[in-house]
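Reading through the structure tokens given below for one structure.
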Amino acid sequence: MITDEWGQSRVWTRFRKNWFALAAAGWIALNCLMALMAYWWMPDQSPYANRIILEIGGEKPGYTQSFLLVNKQQLPTPVSGWERLLNGTPDAYEYIPISEHSISGDSIWVQKRIDESLSEPMVVAKSTCAPKPIQTQTFWLGTDKYGRDILSRILLGTRVSLSVGLITILLSIGIGGLLGSLAGYLGGKIDRAIMWFINVMWSIPTLLLVFAITLTLGKGFWQIFIAIGLTMWVNVARLVRAQVMTLKQLEFIEATRVLGLGPWRTIFRHIFPNIIGPVTVLAASNFAASIVIEAGLSFLGIGVQPPMPSWGLIMKENYNFIITQNPMLALAPGLAIMLLVLSFNILGNGLRDALDVRSTTT
């Protein structure tokens, strides 16, 4: 139990000596920043990074293309900075891929790209174009089969993965912490009833339970949060129950009973602060597991739905490119999943070592 300031400083001293855990924490922090600021940093800042340009579909990483920016017939409504941060900015222009261009007077002459080896001439008035009508963009991770920028969609997919993990952890700790603490502290019939329910949930395979809940609630962004969160509380409940059963035998918990403190105050004020360490370690592991489950469900088509980008959904849309000319379209989101999941597992191991009471007191 490390609740005093001296003990906390010892934990931090041990944690910062673990360079792998620090690097993992740094990578997680960078992903959190990318998720928050995605629409400000992405090359494609349209909602859901869904700028479809079929003429440049399936291009390799590092592909560079010039575009003619032509005003849309109906201009989008201007958005505030807060709305842009949350949902992006609708495009005010049509992006027309071109191979050549020339400006003559009030007209712009271009060769509009049809595919890799075919183009057609096109002329437009300058008054119908953007102030800077020609723009060149490099697609650092290539484009998918719809011509959307893979880098932008992966950056925005970070938001989905971290959101799923966060809400899953909040639900699992809320449900598991409540049931586990009640079972461990009160004991008796309440403990037996809760443990029976926990064992029933434990016997059901996680993915099958997620499938059942998802099919019941429907497909979508919020449904996947609830489905995963409602299946990952069992581990938390079992851990909390074991920790509470150990702590309630100690003298300072016995003292709360002598003083007449109620069970809720004892649990929340005196027991929870002393089990936050093991719960935090388990939360890091569950966070990683929830990211993998969400990616798997999206890959199977019952998770996040198009056009919202998810790493699993991006892999599903581009997995056929693995055996063709452009495997990076599917490998890039897979690498993003691997690095983030690995970081959470390393962070969990680092927290476990730093919070180990026996090693911190030696």
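Every number here is computed from the coordinates shown, using simple stated rules; none is lab data. Keep in mind the model is a prediction, meaning the values are calculated, not measured. Ideal geometry is used to build each Cβ from the backbone, glycine not excepted, and the neighbour counts take in all protein chains shown.
Figures for the structure shown
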read-out	value
Vicinal HN-Hα couplings computed from phi for segment 154-170 (Karplus, 6.51 cos²θ - 1.76 cosθ + 1.60; Hz; Gly/Pro x)	5, 4, 6, x, 4, 4, 5, 4, 5, 5, 4, x, 5, 5, 4, 5, 4
Radius ratio Rg over Rh of segment 167-263, counting only Cα atoms, Kirkwood formula for Rh	1.10
Calculated log₁₀ intensity ratio I(q)/I(0) where the Debye formula runs over C-alpha points of the chain, q = 0.07, 0.12 Å⁻¹	-0.44, -0.96
Among the listed pairs K219/K316; K60/K316; K72/K145; K60/K145; K145/K316; K60/K132, those beyond 21 Å (Cα-Cα)	K72/K145; K60/K132
Rg [Å, one decimal], Dmax [Å, integer] - segment 53-147, C-alpha atoms	14.7, 43
FRET efficiency, 1/(1 + (r/R0)^6) with R0 41 Å, evaluated for N345 and Q111 via beta carbons	0.20
